[in-house]
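**Q** Quick one: the structure is below, questions incoming.
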Amino acid sequence: MRVWGSKRRPAAPMADRRLAVRGSAMPTAEDFLAHLVATGLLEVGAADRARAAAETLPSLPNVLTELGLLDEADLVAALAAFTGLAAAAPEALPAEPILVEAISADYCRRARILPLAADPSPVLAVVDPFRTERIEALLYALGGAELRLIGPNAFETACRRLYGEEGAAAEAEADHPVLGGDMERLEDAARQAPIIRLANTLFRIAFELGASDIHIEPGESELVARFRVDGVLVRPEVLPKSAQTGLATRIKILSELNIAERRLPQDGRMKLVDRGREVDVRVSVLPTAHGEALVLRLLGQSKKPGGYEALGFPSDLAGRIDAMAARPNGIFLVTGPTGSGKTTTLYTLLQRLNDGRNKIVTVEDPVEYRVSGVTQVQTHSAIGLDFAAALRSILRQDPDIVMVGEIRDRETAEIAVQAALTGHLVLSTLHTNSAAAAVTRLVDMGVEPYLLAAVLNGVLAQRLLRLLCTDCRTVAVATPAERAILRRHRPALAGAEGVLLAHAKGCPACNGTGYRGRTVVAEGLEIDRALSALVSSGAGERALEDAARGKGMETLAAHGIAKALALETSLEEVLRHLGGGDAA
């Protein structure tokens, strides 16, 4: 756990002076904006936005990336072409701080300059070549240096790795006493630079880690931020308690919530930009004994799901999924807990069905991926547009395929069944622990078994397991206890010696967790005539599962064991998600 430091990092104004580089004068930031417009990289309106934002965020490269006007890679390439400076290659970034006796970490951060090498002559990477005063001062102190370019986010990442977390949180602590309660003071505090930088730093860390959520949790004497990476909360950051109200208010302002309300839960949305990519953020605020707890879920809208193989589905199960969804009507469900990848699987399926011959309409909360050729509807429960109301209206649009984000209640379930009975293919998700449990859950919601048997094509249950980091995983012969667990799911392993299993270790590449990325494990319950008869008769979950296994269905646990035997994940990870070794 890291406690953020206490050094201050004042901002520097945009430079108007010209820096002598390679014997010529460095153009100004205004010259660069004009160049971007002239070359078509920026529209005139976008340049005006950047110019206005630069009054409060004086580094032009930061302005261009944080507003999403330029992707970081495009920005660095444009700067290189315009200034004649070369970009710093990723492999040129040092493994440890350089020139520490001449240049302090605090100065590097404030000047946004990163020393890359000291011998045979100094090499410096600069974020903003137009901030000439500090660059010139450093060149004078060093007796000259060669300059390179580095992107804003790459600079922040390198600084955190080389120098640790010093700056944004500390400024918040230094500049903010415990905040009062009136709205004007709250708004003023939330708009002060240290709080803005603190919030932006948390966002940047989340983007760099590839986190799906940011959890901001107040305690009695401290504030802790944690990041959910590959389904697990990691890297706790201890923030100053004095920044709690200002940070919460800043996030409320961004997500258009009531900043004066601190007694009731609130839900909102905002948009962030990560290196030119728009990220939709769902915000949940929950009052606790020590203040407001916030959870921010990051949803990358421009990111598109890959195919079945990229998700981790075996080819035989992928074929069965296509078969269950290839019928012209009926219901196909994907089940699992929150965060198990259900929506991504449905979108993968939608992309395969989106051949231009079918009208596809979705109703979602929220719309996580934008798909060309698909009509997508966002629910708004505050105005009465919930799943049931939206689905009822969608059916008047004459769709061939309907995707419902989730079946949550009896009304939505009944409308989905009626849609399937009248010739539509309905795709949806459900929160159950197994494929067979989806049948009993719908019956419990009030769907008649005989109707369900008539429309249900199949159910896919899935989980996401973390993949072992291939840079540091270790492989060892399975212990007797591990072999006993394996035999429950792979009887063919009875008596087998020398079975290998992989284990997590931890290294810099995986942030010390031992895992990097996730893969899916799943079970597919395809409803044929025999299983349809069982559903119609009101058979229970165990009877349905036994019948499906008799027809060759591989269970979630068995699929997870197969991933462990393939050394993709650890047996510990399989048991963490799918039980303590007793699940059949």
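The values are calculated or read from the model by the stated rules, or taken from the named source; none is laboratory data. The shown structure was predicted, so the numbers you read here are calculated from the model rather than taken from an experiment. Counting neighbours? That spans all protein chains shown, and the Cβs are built from the backbone with ideal geometry, glycine included. Surface areas here come from the heavy atoms of the whole protein model, side chains and all, with no ligands, DNA or RNA. Shrake-Rupley method; radii C 1.70, N 1.55, O 1.52, S 1.80 Å.
**Q** Kindly express, to the nearest 10 degrees and within the range 0 to 90, the angle between helix 132-142's C-alpha long axis and the longest C-alpha principal axis of the chain.
**A** That helix lies at roughly 70 degrees to the long axis.
**Q** Continuing with this model, one more query. For residue 397 paired with residue 101, estimate the spin-label separation in nm (one decimal), with each label point 7 Å from Cα along the Cα-to-Cβ line.
**A** Label-label distance for residue 397 and residue 101, simple model: 6.9 nm.
**Q** Rounded to the nearest angstrom and ordered from largest down, what semi-axes does the equivalent ellipsoid of the stretch 471-535 get from its C-alpha gyration tensor (root of 5λ)?
**A** 34, 22, 7
**Q** Could you let me know the centre-to-centre spacing of the stretch 140-159 and the stretch 35-51, using Cα atoms, in angstrom?
**A** The two parts, judged by their Cα centres, are 25 Å apart.
**Q** Would you grab the residues whose amide H sits under 5 Å from the one on residue 517? Only those 5+ places off in sequence or on another chain, please, with H modelled 1.01 Å from N.
**A** 467
**Q** For residue 140 and residue 81, what is the calculated FRET efficiency with R₀ set at 25 Å and r taken between the beta-carbons, to the nearest 0.05?
**A** Efficiency, from the Cβ-Cβ distance: 0.35.
**Q** Going by a ≥ b ≥ c, the root eigenvalues of the Cα gyration tensor, does the stretch 359-474 fall in the rounded group (a/c under 1.5), the prolate group (a/b larger than b/c) or the oblate group?
**A** oblate
**Q** With every protein chain left in place, what is the accessible area per residue of the stretch 442-584 in square angstrom, probe 1.4 Å?
**A** Numbers: 6300 Å² over 143 residues.
On a per-residue basis, the stretch 442-584 sits at 44 Å².
**Q** Okay, next question. Given H placed on each backbone N at 1.01 Å, which residues far from residue 269 in sequence or on other chains put an amide H within less than 5 Å of it?
**A** 283
**Q** Please give the charge dipole size of the chain, origin at the Cα centre, charges +1 on K and R Cβ atoms and -1 on D and E Cβ atoms. Round to the nearest 20 debye.
**A** 620
**Q** Relative to the first principal axis of the alpha-carbon coordinates of the chain, what is the inclination of helix 480-489, with its axis defined by its Cα atoms, in degrees from 0 to 90 and to the nearest 10?
**A** Around 60 degrees separate the two axes.
**Q** Packing-wise, with mean Cβ within 10 Å as the measure, how do 84-97, 251-264 rank, highest first? It would help to have the intermediate numbers written out before the result.
**A** Values: 84-97: 13.4, 251-264: 16.1.
Answer by packing, highest mean first, reads 251-264, 84-97.
**Q** Does the stretch 91-155 come out rounded, prolate or oblate, given a ≥ b ≥ c as the square roots of the eigenvalues of its C-alpha gyration tensor, rounded meaning a/c under 1.5 and, failing that, prolate meaning a/b above b/c?
**A** Judged from the Cα gyration tensor, the stretch 91-155 comes out rounded (a/c under 1.5).
**Q** With both bridge residues required to lie in the chain, what share of the DSSP beta bridges run antiparallel, to the nearest 5%?
**A** On the way: 56 of 87 bridges.
Counting DSSP beta bridges with both partners in the chain, the antiparallel share is about 65 percent.
**Q** Here is a follow-up. Helix 556-565 versus the longest principal axis of the chain: what is the Cα-based angle in degrees, 0 to 90, to the nearest 10?
**A** Once rounded, one gets 50 degrees.
**Q** Please report the projected area of the stretch 255-389's Cα convex hull averaged over all directions, in nm².
**A** 11.2
**Q** Right, something else. What order do 537, 393 take when sorted by accessible area (1.4 Å probe), most exposed first?
**A** The ranking, largest first, comes out as 537, 393.
**Q** With a sphere of radius 10 Å drawn around the Cβ of residue 341, what net charge do the other residues whose Cβ falls strictly inside it have (Lys, Arg +1; Asp, Glu -1)?
**A** Every neighbour counted, the sum reads +3.
**Q** Also, I was wondering about something else. Out of the total accessible area of the stretch 250-395 (probe 1.4 Å, heavy atoms of protein only), what percent is carbon and sulfur?
**A** Values: 3310 of 6650 Å².
Roughly 50 percent, rounded to a whole number.
**Q** Using a cut-off of 16 Å between alpha-carbon atoms, which aspartates and glutamates can reach residue 563, once sequence neighbours fewer than 8 places away in the same chain are excluded?
**A** List returned: 309, 316, 482, 523, 554, 572, 573.
**Q** Among 477, 559, 519, which residue has its Cα positioned farthest towards the positive end of the charge dipole of the stretch 466-584, with +1 placed on the Cβ of Lys and Arg, -1 on the Cβ of Asp and Glu, and the dipole taken about the Cα centre?
**A** Toward the positive end, the furthest listed residue is 477.
**Q** Grab the Cα-Cα distance for residue 383 and residue 497, subtract it from 0.36 nm times how many residues apart they are, and report the gain in nm with one decimal.
**A** 34.8 nm
**Q** Hey, can you grab everything whose amide H is under 5 Å from the amide H of residue 278? Only 5+ residues off in sequence or another chain; H modelled, so Pro and N-termini drop out.
**A** Here the answer is 302, since their amide H atoms fall under 5 Å of that of residue 278.
**Q** Quick one: check the C-alpha center-to-center distance for the stretch 449-476 versus the stretch 56-95, whole angstrom.
**A** Rounded to whole Å, the Cα centres lie 41 Å apart.
**Q** For q = 0.07, 0.12 Å⁻¹, what log10 I(q)/I(0) does the chain give under the Debye formula with an equal point scatterer on each alpha carbon and no solvent?
**A** -0.54, -1.25
**Q** Calculated FRET efficiency, residue 546 and residue 238, Cβ-Cβ r, R0 60 Å, to nearest 0.05?
**A** Working from the Cβ atoms, E equals 0.75.
**Q** On to the next question. Once a ≥ b ≥ c are taken as the square roots of the eigenvalues of the Cα gyration tensor of the stretch 313-366, is the result rounded (a/c under 1.5), prolate (a/b larger than b/c) or oblate (a/b not larger than b/c)? Kindly include the intermediate steps, with their values, before the conclusion.
**A** On the way: a/c = 1.74, a/b = 1.09, b/c = 1.60.
The shape class here is oblate.
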